[in-house]
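The values are calculated or read from the model by the stated rules, or taken from the named source; none is laboratory data. Note that the structure is predicted; figures quoted are calculated from it, not measured. Note that we place each Cβ from the backbone using ideal geometry, even for glycine, and neighbour counts take in every protein chain shown.
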Amino acid sequence: MTSPASDHSTDHGADDLTAPLLDPTFYAGDPFSLYARLRAEAPVTRNPTLGFWVASRHAEVTAISRDPDTFCSGKGVMVFEIGSEYPTPPSIMHTDPPDHTRYRALVQPGFRPPFIRGLEDGVRARARTLVDRLEPGVPVDVVSELAVPLPLQVISDLLGVPESEWPRLFRWSEAVIPGATDWPEEERQALSAEMVNYLLAAAADRRLSPGDDIISELAAAEIEGERLSDAELAMFLVQLLVAGNETTRNMMSGGLVGFAETPGEWGALRTRVAGSAPRALAIAVEEMLRWTTPVVSFMRTATRDTILGDQQISGGDPVLMLYASANRDEEVFGSTGERFDAARDPNPHLAFGFGAHFCIGAALARLEGRVVLEELLARFGSVESAGPVMRTASPVIAGVRSAPLVFGAATP
């Protein structure tokens with residue numbers, strides 16, 4: 001390892017390399033060539049405009065994630081939060097141990113493995129209904145027809161809200177994702193407030209009439225003998241709603257685009273599944289997660305002076321973890337890291353984060369991904385692109401707005 005820099009200077013024309021990360025339209029295009037340059041030329045480098053560091057390699061992103069004592073979440077997890085102070089954390093992602101550990105323990109029962117396994121029949125019934133509507137040879141936008149409704153229907157079941165509400169949940173969820181829409185800020189704020197009011201009213205109702213759902217569990221939960229405050233309830237419920245559908249939706253749509261754009265992958269997976277390869281579907285889902293990386297990046301803040309890569313990081317410096325770059329790191333994924341490979345194994349991706357903040361809903365996302373693949377593979381022998389893919393201009397979520405695909409009938 002080279003000697004650490006003694007100040008905040010960086011080489012390799014870092015100004016030019018980090019500047020696009022501040023432009024939302026950058027993320028609606030193809031960001032991966034820039035990520036490759038960052039990994040090769042300036043793997044830990046500083047943006048001079050806002051003063052945050054960018055970590056683009058798998059090793060540094062993992063090191064940051066596993067050390068919350070040195071790299072905290074409480075000062076913000078997104079670049080636009082630099083300098084913000086919160087009287088209460090806006091999400092569990094903004095907390096650090098021991099508070100994070102305590103909060104996570106409250107939500108964990110709703111995502112324990114036996115409970116998630118028990119959801120499979122319901123997830124499959126919903127997936128089958130949606131997949132049955134797809135016609136061979138007819139172009140379809142898999143975002144609106146499959147990837148959007150399924151996770152929202154599933155999260156509606158978990159929250160115990162009527163299935164008919166999922167279109168409202170969709171608008172609320174979109175409103176809180178930076179760059180996910182071009183809606184006016186006033187509309188986004190109004191929708192966010194409407195969401196919080198709805199969820200808190202539901203929690204108040206469950207305290208009077210508990211049900212078998214996560215809202216009821218959280219409404220009755222206590223920390224050190226006290227029930228959650230409205231601010232804490234809102235923190236949990238908003239994150240469950242948003243994280244419970246946004247990432248899974250984009251893993252599905254982005255992963256299916258990966259199959260469509262990589263000739264031979266769909267047929268090869270069908271062959272492995274037909275041959276009863278026991279882990280073929282699970283392996284394919286992991287590649288959908290890696291190749292798509294639904295969460296582009298999150299930020300941490302250094303709590304003390306430290307060294308990251310070959311750079312000296314000062315206490316108080318924000319550091320952006322580029323998951324989308326780390327998941328294509330040549331040092332980990334080899335020369336094929338840019339290619340979609342549904343048989344890639346092992347696959348140590350960071351799509352769910354790493355360490356204390358590893359995604360609590362990972363098992364549910366994997367279940368939904370596997371079930372969707374099973375249902376599609378049983379009906380269709382091929383999948384191809386049927387038009388341009390439209391992506392969202394969000395620095396946080398690798399969103400797919402539309403993805404026209406055409407599925408071919410399976411041969412007997």
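The set of residues in the stretch 46-76 being in contact with a strand residue (DSSP E or B) (Cβ under 8 Å, 6 or more places away or on another chain), assigned to a helix (DSSP H, G or I) and of a type in the set (Gly, Ala, Ser) consists of Ala63, Ser65.
Of the residues making up the stretch 388-402, just one is out of contact with any strand residue (DSSP E or B) (no Cβ under 6 Å at 6 or more places or on another chain) and of a type in the set (S, T, N, Q), namely Ser394. For the stretch 214-242, a residue qualifies if it is assigned to a loop (DSSP other than H, G, I, E, B) and either more than 24 Å from Thr101 (Cα to Cα) or hydroxyl-bearing (Ser, Thr, Tyr) (or both), and exactly one does: Ser229. A search for C-beta distances below 8 Å between a residue of the stretch 178-205 that is under 21 Å from Val296 (Cβ atoms) and any residue that is of a type in the set (Ser, Thr, Tyr) and outside any loop (DSSP other than H, G, I, E, B), counting only pairs 6+ apart in sequence or on different chains, returns Gly179/Tyr27. Once the stretch 355-395 is narrowed to residues that are under 30 Å from Phe71 (Cβ atoms) and hydroxyl-bearing (Ser, Thr, Tyr), the residue that is surrounded by the most Cβ atoms within 10 Å (Cβ to Cβ) is Thr392. It is to be established whether one or more residues within the stretch 38-45 are over 13 Å from Leu320 (Cβ atoms), at pLDDT 95 or above and among the acidic types (Asp, Glu). Yes.
Within the stretch 187-213, the set of residues being out of contact with any helix residue (DSSP H, G or I) (no Cβ under 7 Å at 6 or more places or on another chain) and in a loop (DSSP other than H, G, I, E, B) comprises Ser209, Gly211, Asp212.
Across the stretch 193-217, what is the total count of residues that are loosely packed, with under 15 Cβ neighbours inside 10 Å and under 29 Å from Val400 (Cα atoms)? Counting residues in the stretch 193-217 that are loosely packed, with under 15 Cβ neighbours inside 10 Å and under 29 Å from Val400 (Cα atoms) gives 3. Residue-level check: of (1) modelled with pLDDT of 95 or more; (2) crowded, with 20+ Cβ neighbours inside 10 Å, Leu240 misses just (1). All conditions but one from (1) surrounded by 21 or more Cβ atoms within 10 Å (Cβ to Cβ); (2) over 24 Å from Val406 (Cα atoms); (3) of a type in the set (Gly, Ala, Ser) apply to Ser253; the one that does not is (2).
Considering the stretch 153-186, and only residues there that are more than 24 Å from the chain's Cα centre (by Cα) and part of a helix (DSSP H, G or I), the residue that is nearest to Ala28 (Cα to Cα) turns out to be Glu186.
Please tell me if Thr101 is in a helix (DSSP H, G or I), among the polar types (S, T, N, Q) and exposed (fewer than 13 other Cβ atoms within 10 Å of the Cβ). It is true that Thr101 is in a helix (DSSP H, G or I), among the polar types (S, T, N, Q) and exposed (fewer than 13 other Cβ atoms within 10 Å of the Cβ).
All of Ala351, Ala363 fail the test of being of a type outside the set (D, E, K, R) and not in a helix (DSSP H, G or I), apart from Ala351.
Here Ala280 fits the description: more than 20 Å from the chain's Cα centre (by Cα), surrounded by 17 or more Cβ atoms within 10 Å (Cβ to Cβ) and closer than 20 Å to Leu256 by Cβ. Among the residues of the stretch 118-131, those that are touching a residue at least 24 places away in the same chain (Cβ under 8 Å) and either assigned to a helix (DSSP H, G or I) or at positive phi (or both) comprise Glu120, Gly122, Val123, Arg124, Arg126, Ala127, Arg128, Val131.
Table: residues versus (1) among the β-branched types (Val, Ile, Thr); (2) more than 30 Å from Val196 (Cα to Cα).
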residue	(1), (2)
Thr25	yes, no
Tyr35	no, yes
Arg46	no, yes
Ala59	no, yes
Ala63	no, yes
Met78	no, no
Ser84	no, no
Pro97	no, no
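Within the stretch 373-402, residues that are on the phi > 0 side of the Ramachandran plot and of a type outside the set (Lys, Arg) have Cβ atoms under 9 Å from residues that are surrounded by fewer than 19 Cβ atoms within 10 Å (Cβ to Cβ) and part of a loop (DSSP other than H, G, I, E, B) in these pairs: Gly387/Pro139, counting only partners at least 6 apart in sequence or on another chain.
Of the numbered criteria (1) surrounded by fewer than 24 Cβ atoms within 10 Å (Cβ to Cβ); (2) part of a helix (DSSP H, G or I), the one Asn245 fails is (1).
Name the residues in the stretch 140-173 that are touching a residue at least 24 places away in the same chain (Cβ under 8 Å), crowded, with 20+ Cβ neighbours inside 10 Å and under 30 Å from Phe80 (Cα atoms), would you? Answer for the stretch 140-173, where residues must be touching a residue at least 24 places away in the same chain (Cβ under 8 Å), crowded, with 20+ Cβ neighbours inside 10 Å and under 30 Å from Phe80 (Cα atoms): Val143, Ala147, Val148, Pro151, Leu152, Ile155, Leu159, Leu169, Trp172, Ser173.
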